[in-house]
Amino acid sequence: MELIRIPRIMHDTAGGHLLHGRSIGFVPTMGALHEGHLSLVRRAKMENDITVVSIFVNPMQFGPAEDLDKYPIDMDGDTEKLRREEVDILFMPDASHIYPKGFSTHIEVEKLSDRLCGAFRPGHFRGVATVVAKLFNIVRPTRAYFGQKDFQQAVIIKKMVKDLDMAIDAVICPTMRENDGLAMSSRNSYLNARERKAAAVISKCLIQTTELIKSGIIDIESIRRFMKEKLSEEPLIAEIEYASVYSPETLDELDRVEKGALLAVALKIGKTRLIDNMLVESQNKIAGR
Ligand code: AMP
């Protein structure tokens, strides 16, 4: 595995591969790698000639009161995991190379970035879209891989790719989960033992709500009440930011679930913010649709 730290070198190395007709699969991450990340790496390896993984904790996507300073870092562990997966290139730039002095260009994907997490993390998706656009220009991928775990992020990247005519296939991959259903996340390491146990309530709530919708309950009021009640059964939940049903395309909250819908939750357990989602197909499609 080649370790590259300088954007220009990454750009030129990618150029060499492209010139030889090799496809490049790219997995952007913030490190502290787990099986969720590695599932994206395996998919990228399967579908491309060359696989590039980036590790960059992007300061631009963290708010002033967020966890940038204590975001988990495990460089040795990450390098070893990627080596074992036989990744071709690990791109690990310094913030000073990504955002040199005087940097002043940003990518803003309107509307989609204000919904769901965007309402609670102002500027977050602007930071995500900006860094991903930069990484795309540097790594020059044929395909890039994102987890459904961060569904809003993936939808925003797909929209950016379309709106800006980027010749990149952005692929959304399934969420990897722990045995009790908790979506894998680097932030799970912040949870103490009691909080970790309590966190299983999120995926349980999503599964039970899926069943509720499949049983024919499709109005938003009933669904939202059900989700809040389920989550509130867990006393360690400090705050529910959102728990409802949304259009997977526009991310607008739905009045009724009549076709495919996104169930999404963001909440805090102690000080740790966790998100999860599931896609659901209603059985109650309106006749003729
Ligand atoms: P992060 O390092 O948290 O920025 O995540 C890097 C990529 O891994 C993003 O596309 C995430 O959506 C994806 N990812 C994170 N957790 C999971 C998971 N549990 N299953 C699948 N993909 C994931």
query: Expressed as an acute angle from 0 to 90° and rounded to the nearest 10, what is the orientation of the C-alpha long axis of helix 75-84 relative to the principal long axis of the chain?
result: 80
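May I ask you to give the solvent-accessible area per residue for the stretch 51-133, in square angstrom, as obtained with a 1.4 angstrom probe?
Details: 4230 Å² over 83 residues.
Here the residues of the stretch 51-133 average 51 Å² of exposed surface.
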Average accessible area per residue (Å²) across the stretch 186-287 - probe 1.4 Å, nucleic acids and ligands excluded: 49
- prompt: Residues with amide H under 5 Å of SER244's amide H, sequence separation 5 or more or different chain, H placed in the peptide plane at 1.01 Å from N; which?
  reply: ALA264
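If you average 1/r over all unlike Cα pairs in the stretch 186-287 and invert the result, what Kirkwood radius do you get in angstrom?
Numbers: mean 1/r = 0.0718 Å⁻¹.
Hydrodynamic radius (Kirkwood, Cα pairs) of the stretch 186-287 is 13.9 Å.
Where Lys and Arg each count +1 and Asp and Glu each count -1, what net charge lies around THR51 among other residues with Cβ under 14 Å from its Cβ?
Working: positive: ARG22, ARG42, ARG43, LYS45, LYS81, ARG83, ARG84, ARG140, ARG143; negative: GLU2, GLU47, ASP49, GLU85, GLU86, ASP88.
Cβ neighbours under 14 Å give a net charge of +3.
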Estimated FRET transfer efficiency (HIS20, ASP180; beta-carbon r; R0 35 Å; 0.05): 0.15
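Per residue of the chain, what 222 nm ellipticity follows from adding -39500 (n - 2.57) for every DSSP H run with n ≥ 4, rounded to the nearest 500? Could the numbers behind the result be given before it?
Numbers: 10 runs with 108 residues, N = 289.
Helix contribution divided over all residues of the chain: -11000 deg cm²/dmol.
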- line: So the carbon and sulfur contribution to the accessible area of the chain, 1.4 Å probe, in percent, is 50
Shape box of the stretch 1-103 [Cα atoms, principal axes, largest first, Å]: 44, 34, 20
Counting all C-alpha pairs of the chain, share separated by more than 32 Å (%): 27
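Counting Lys +1, Arg +1, Asp -1, Glu -1, what net charge surrounds ASN188 among other residues with beta carbon under 15 Å of its beta carbon? Each step should come with its number before you reach the end.
On the way: positive: LYS70, LYS149, ARG177, ARG187, ARG194, ARG196, LYS197, LYS268, LYS271, ARG273; negative: GLU35, ASP67, ASP74, ASP150, GLU178, ASP180, GLU195, ASP276.
Overall, the nearby charge balance is +2.
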- request: Determine ³J(HN,Hα), in whole Hz, for all residues of the stretch 259-267 in sequence, where each value follows from phi through the Karplus function 6.51 cos²θ - 1.76 cosθ + 1.60 and θ = phi - 60°; x replaces Gly and Pro.
  value: 9, x, 9, 10, 8, 9, 9, 9, 8
message: Just to check I understand the Karplus step: with θ = phi - 60° and J = 6.51 cos²θ - 1.76 cosθ + 1.60, what whole-Hz values come out for the stretch 152-158, glycine and proline as x?
response: 4, 4, 5, 5, 5, 5, 4
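With r defined as the distance between the Cβ atoms of ILE9 and ARG224 and R0 fixed at 51 Å, what FRET efficiency is calculated, to the nearest 0.05?
E between ILE9 and ARG224, to the nearest 0.05, is 0.50.
The values are calculated or read from the model by the stated rules, or taken from the named source; none is laboratory data. Keep in mind that what you see is a predicted model, and the values were worked out from it rather than measured. For neighbour counting, all protein chains shown are included, and Cβ atoms are generated from backbone atoms with ideal geometry for every residue, glycine included. In case anyone asks, the SASA skips ligands and DNA or RNA and just uses the protein heavy atoms, side chains included. Shrake-Rupley method; radii C 1.70, N 1.55, O 1.52, S 1.80 Å.
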